[in-house]
Amino acid sequence: NAGVTQTPKFQVLKTGQSMTLQCAQDMNHNSMYWYRQDPGMGLRLIYYSASEGTTDKGEVPNGYNVSRLNKREFSLRLESAAPSQTSVYFCASRQGAGNYGYTFGSGTRLTVV
Amino acid sequence: RKEVEQDPGPFNVPEGATVAFNCTYSNSASQSFFWYRQDCRKEPKLLMSVYSSGNEDGRFTAQLNRASQYISLLIRDSKLSDSATYLCVVPFRDSNYQLIWGAGTKLIIKP
């Protein structure tokens, strides 16, 4: 019962480098989400995927791209990392919408220098 | 813009006391809201859903006041293990998928 698995847990990038954050869930959930969390702020939605084959922008999509590879996997890509993207990134999934709560991965701590 | 506001705390509370948090929101017509708990350097975990009729789970009670646009969380007989940050979560307008998260209220229970 792994739930939501994120990799890597930690990453340091140089400005301009690219990387992909991986996320997989084994709960057969339909919707998946990528959030970032910065000190003193609430989680902010980067992108989400309501179902396999669809993706939509959230509140802060600039500088990111996503791929819903299949029902289990939802990856987040930083094409050219910037120091402003230093943050903790969380992937989450949930069965549907409305009253369903999220299950989160354990997070990726990203530092861009 | 802050559509969800929480007192950041920290709330320093002796073990066994009752503590209450409020969260004010705007721009949501949803019928259900959420409280999450986040331990230091961990992921958020769902604590309770909050409906129009309120919700109670053991020592925890959540209420929704739609007229005044706030939700509350009451913790009775607080335990040391209740120390965490409590996040208020509000569906964005009528969206089924976009949620707005408060920055959280930090609670420290002291022995």
Chain B, relative contact order in percent, only Cα pairs under 8 angstrom and at least six apart counted: 37 percent
Sticking with the crude label model, points 7 Å out along Cα→Cβ, report the distance from B:Ala17 to B:Ser53 in nm, one decimal please. 3.4 nm
Most mobile of B:Glu56, B:Glu15, B:Glu43 per a Gaussian network model of chain B (Cα springs, under 10 Å)? B:Glu43
Fully extended contour minus Cα-Cα distance, from B:Asp7 to B:Ser68, at 0.36 nm per residue: 20.3 nm
Amide N proximity, the stretch A:35-53 versus A:Ser84 label position 7 Å along Cα-to-Cβ, cut-off under 12 Å: none
If you roll a 1.4 Å probe over the stretch A:3-113 with all protein chains in place, what percent of the accessible area is carbon or sulfur? 49 percent
If the label point is 7 Å along Cα→Cβ of A:Val113, which residues in the stretch A:9-32 have backbone nitrogen under 16 Å from it? A:10-18
How long are the three semi-axes of the equivalent ellipsoid of the stretch A:24-71, in whole Å, if each is the root of 5 times an eigenvalue of the C-alpha gyration tensor, listed from largest down? 21, 13, 8
Need one number: nm distance between label points at A:Thr15 and A:Ser67, each 7 Å from Cα along Cα→Cβ, rounded to one decimal. 2.8 nm
Summed residue charge, Cβ within 13 Å of B:Val50's Cβ, Lys/Arg positive, Asp/Glu negative: -1
The rounded separation in angstrom of the Cα centers of the stretch A:16-45 and the stretch A:63-99 is 4 Å
Could you give the accessible area per residue of the stretch A:10-113, probe 1.4 Å, as a whole number in Å²? 43 Å²
What is the sum of charges around A:Gly101, taking Lys and Arg as +1, Asp and Glu as -1, for the other residues whose C-beta is under 14 Å from the C-beta of A:Gly101? +1
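The values are calculated or read from the model by the stated rules, or taken from the named source; none is laboratory data. Everything numeric in this text was worked out from a predicted model, so none of it was measured. As a convention, Cβ positions derive from the backbone with ideal geometry for all residues, glycine included, and neighbour counts pool all protein chains shown. Protein only, heavy atoms only, side chains kept; ligands, DNA and RNA dropped before computing areas. Shrake-Rupley method; radii C 1.70, N 1.55, O 1.52, S 1.80 Å.
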